[in-house]
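Notes for the one structure printed next.
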């Protein structure tokens, strides 16, 4: 086990069954309503792409969200560029789908906030689908990833679309609809605290400097 193993990161409760899911450093837990362990899954430590010279790297749970539409548990970790997986709500050891898309902050300290909410209307069909909004603090510790400060991620179960940044496009071969936002990440670090949706709008609670000046409060 890594030095940080077992440290609590996230907890979600299934509103339909009452089952509890816990994300921790290197571990995931599935519990009953009276806190009896149903399933336990090790997620680390593992050899990481960014620390290939280091034998093993702790895997911090960065996102733990229930997708009630597909009845899946979304888990994202800090290793392997910050990728996400879909797991069964009945058995978290059943990893249904995993993609290599970089989605979350890829270290233990940088913040990530995620929640599922309606996305913008599709420009062609005018339909609205659920997306996963993600706010991720810039880490700068990899040349292989480009994660926006805020993005809406597709929940389409098609492997070519899952967790991709949902972008508005007329080309049917592209994932849509959605939005993304980037700032001057290296000089304007944003800490994400919470996110939610209300009356058709999505919001993030953040802390950051007043200006990009290093001496700014």
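Kindly establish whether residue 111 is surrounded by fewer than 20 Cβ atoms within 10 Å (Cβ to Cβ), farther than 24 Å from residue 195 by Cα, out of contact with any helix residue (DSSP H, G or I) (no Cβ under 9 Å at 6 or more places or on another chain) and at pLDDT 95 or above.
Values: surrounded by fewer than 20 Cβ atoms within 10 Å (Cβ to Cβ): yes; farther than 24 Å from residue 195 by Cα: no; out of contact with any helix residue (DSSP H, G or I) (no Cβ under 9 Å at 6 or more places or on another chain): yes; at pLDDT 95 or above: yes.
Answer is no for this residue.
Out of (1) surrounded by fewer than 19 Cβ atoms within 10 Å (Cβ to Cβ); (2) within 23 Å of residue 153 (Cβ to Cβ), what's the single condition that is false for residue 55?
Unmet condition: (2).
Show me the strands (runs of 3 or more DSSP E) entirely contained within segment 1-107 in which 3 or more residues are under 18 Å from the mean Cα position of the chain (by Cα). Before the answer, list the steps.
On the way: elements: 8-13, 20-24, 27-31, 37-42, 61-67, 72-77, 84-88, 95-98.
Those strands (runs of 3 or more DSSP E) span 8-13, 20-24, 27-31, 61-67, 72-77, 84-88, 95-98.
Give the residue, chosen from 131, 104, that is modelled with pLDDT of 90 or more and within 24 Å of residue 57 (Cβ to Cβ). Walk me through how you get there before you give the answer.
Details: 131 fails: within 24 Å of residue 57 (Cβ to Cβ).
When all the criteria are applied, what remains is 104.
Is it the case that segment 2-10 has a residue that's at positive phi and surrounded by fewer than 16 Cβ atoms within 10 Å (Cβ to Cβ)?
Applying the first criterion (at positive phi) to segment 2-10 yields 6.
Pick out the ones that are also surrounded by fewer than 16 Cβ atoms within 10 Å (Cβ to Cβ) and you get 6.
For segment 2-10, residues at positive phi and surrounded by fewer than 16 Cβ atoms within 10 Å (Cβ to Cβ): present.
The values are calculated or read from the model by the stated rules, or taken from the named source; none is laboratory data. Predicted model only: the values in this text are computed from it and were never measured. Every residue, glycine among them, receives a Cβ derived from its backbone with ideal geometry; neighbour counts consider all protein chains shown.
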